[in-house]
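Quick note: the coordinates plus some simple rules give every number you see, no bench work behind them. Bear in mind the structure is a predicted one, so any value in this text is a computation, not a measurement. Glycine gets a Cβ as well: all are built from the backbone with ideal geometry, and neighbour counts include every protein chain shown.
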Amino acid sequence: MRTGPRLPGCLGLLASAILMLGAPMTHAASTSYDDLVRLFDEWRAFERPPLVDGTPDYTAPTLARKQAALAGWQARLAAIDPGGWPVEQRIDHELVRAQMNGLEFDLRWLQPWARDPAFYQSVWTEQSDTPAHEGPFHHALVEVWTYAFPLSDADQRKLAAGLRTIPPLLEQARGNLTGNARDLWITGAGTMRQQRRDLDALAGRTKGGSRDLARAIEEAARATDVFVAWLDEQAPRKTGPSGIGKEAYEWSLRNVHLVPLTWDDEVMLLKRELARAHAALRLEEHRNRKLPQLEAAASPAQYDKLTSDAITKYMKWLADEQILTVEPYLEPALRRHAGQFVPLEERNFFWIATHYEPITLFAHFQHWFDHEWMKHAPNPSAIRRNALLSNVWDSRAEGMATAMEEIILHAGYYDDNPRAREIVWIMLAQRAARGIASLYAHANLFDLQQAKAFQVEWTPRGWMRPDLDLLGFEQQLYLRQPGYGTSYVTGKYFVDELIKDRSHQLGEAFTLRRFFDEVNAAGLIPITLIGWQLTGQPWPPQVR
């Protein structure tokens, strides 16, 4: 709680009101970078909702107060003039602005607490490969993947405490969820059914543990059942669209994710990439027509050998070809996420590819390298050191991961395995198809079923099957988080642009390893800001 001198009468009431809102009373001009860091720390605390009985409060009155207070924080940021700062610090100012805009976007348009039942998922069994969970999520998650089983006594108490927030949160959610977004409602109910299954699995893993933990799991499961039943009862009344519309979509692109494109620009770009991927696939197939087809791993032993050998080859190739600086902690990270054999009839799109040639997917696991760099070589900027809010990092994280798939193809990795090149183009086609579908969904030109059907139709070889969970998961995520479905391809586009501009700037001094090392050192921030840091001027240039 903030404290200060007592003021008489109306002035005291006004001051108390402002302090309760969390907004600073004055916005003194500043040119101090330290003031920016202090503001950011204070704002991150403000961004978190207040707790009621240990549960984050997303009720309408609380969020109305937060929205009223946000303008004060934005004014305080605007009063800090970064004009004379080094480029890196000016970029940090933009990062704070983007995250404040992310909260504004959620409060004005997205409103996941009111429109999206999946927002209330608490139990997370896997670590995200990105800096933070993809899409909107609440502030009291139970990250089961962070625990070592069997649980210590201390961890049992900690886990039980986390699970006890689920019943009051779901009770609150029944009052908060007033939206009419049908597709979000239906898919959100599916997410909560999965939480119920995850709680059953957790009960099995902790059998024989403390009575307190068992009771917490049981009560969380019961509350989830009641919530799902309520969602199902309400579902027939939910008839509205789930897309946020072009205007809101473009506001988020430009002001939160710092992507200088319109909805129409993204449609054109992704259509071009979809056509390029299909054309390149046909050319590769023609080139390779006399070669034998790839054979997929047919047993756990074959899969384990295939992935182990592939990782060994890939890491050596990255170092030998001087693609990027290979630190000793990178290879173990890749091995930890190599997955396991999946029977043919159960393989989703990505595991189909992996059972043929693991690196066609593992190149995208640049994500896990990002995690290791964040841990072993943290960014010196306090503003960049941890994951940015509102998925502001998506153009860098997903864009670079997607770019690596094609970069290593052109750099020669598959020269001894030409058939694998075909899979790279299939991967790009799938990413472009699902991105186009997500654009149409947010413009309310597609409902969720139409988006899924488009993605299936334009993914080559029938590898995107409608009967597997991946299809629904992807389109649900992209509906929940506007701009995420396109960030893979648009982010890759900006990586290509930056290679062009940085190589033009450096001339003969340009090398791939220098480029990637510079990008990685900048942190997980929008690729447009990385372009500014590398070139020394706002990027991309408006005039070519």
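For H355, H257, H376, H133, what's the fewest-to-most ordering of other Cβ within 10 Å of each Cβ?
The fewest-first ordering by Cβ neighbours comes to H376, H133, H355, H257.
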Open item on the list: Please list 3J(HN,Hα) in residue order for segment 493-498, calculated via the Karplus relation 6.51 cos²θ - 1.76 cosθ + 1.60 where θ = phi - 60°; whole Hz, with x for glycine and proline.
Closed with: 4, 5, 4, 4, 4, 6
Task: Table column - 3J(HN,Hα) (Hz), segment 178-195, Karplus curve with 6.51, -1.76, 1.60, x for Gly and Pro - done: 10, x, 10, 8, 4, 5, 5, 5, 5, 5, x, 4, x, 4, 6, 5, 5, 4
- [ ] Write out the trypsin sites (Lys or Arg not before Pro) in segment 316-403 meeting two conditions: DSSP loop, and at most 16 other Cβ atoms within 10 Å of their Cβ.
- [x] R385
Task: Phi to ³J(HN,Hα) by Karplus 6.51 cos²θ - 1.76 cosθ + 1.60 over segment 229-238, Hz, x for Gly, Pro - done: 4, 5, 4, 5, 5, 7, 3, x, 7, 8
Open item on the list: Suppose we look only past 17 Å in the calculated P(r) of segment 27-114. What percent of the Cα-Cα pairs does that tail hold?
Closed with: 51
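Rank these for me by crowding, H504, H138, going from fewest to most other beta carbons within 10 Å.
On the way: H504 10, H138 18.
Fewest to most other Cβ atoms nearby, the residues stand as H504, H138.
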Task: Cα principal axis extents for segment 247-535, largest first, Å - done: 47, 47, 33
Task: Sorted by Cβ density within 10 Å, fewest first, the residues L184, L231 - done: L231, L184
Open item on the list: Under 10 °C and 1.306 mPa s, how fast does segment 65-218 diffuse according to Stokes-Einstein, given a Kirkwood radius computed over C-alpha pairs? Answer in µm²/s, whole number.
Closed with: 87
Open item on the list: From the P(r) of segment 387-466, could you give the percentage of C-alpha pairs in the tail past 17 Å?
Closed with: 58
Task: Nonlocal amide H pairs with V52, under 5 Å, H built at 1.01 Å - done: D57
TODO: Would you mind calculating the relative contact order of the chain from Cα pairs under 8 angstrom and at least 6 residues apart, reporting the percent as a whole number?
DONE: 17
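Give the relative contact order (percent, whole number) for segment 285-382; include only Cα pairs under 8 Å separated by 6+ residues. Mind showing how you got there, number by number?
Working: 59 pairs, mean separation 32.5, N = 98.
That works out to 33 percent.
Between E42 and R385, what is 0.36 nm times their sequence separation minus the Cα-Cα distance? Round to one decimal in nm.
Numbers: separation 343, 0.36 × 343 = 123.48 nm, distance 1.60 nm.
Once the chain is fully extended between E42 and R385, it gains 121.9 nm.
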Open item on the list: Between R197 and Q293, what's the calculated FRET efficiency when r is the beta-carbon distance and R0 is 45 Å? Round to 0.05.
Closed with: 0.75
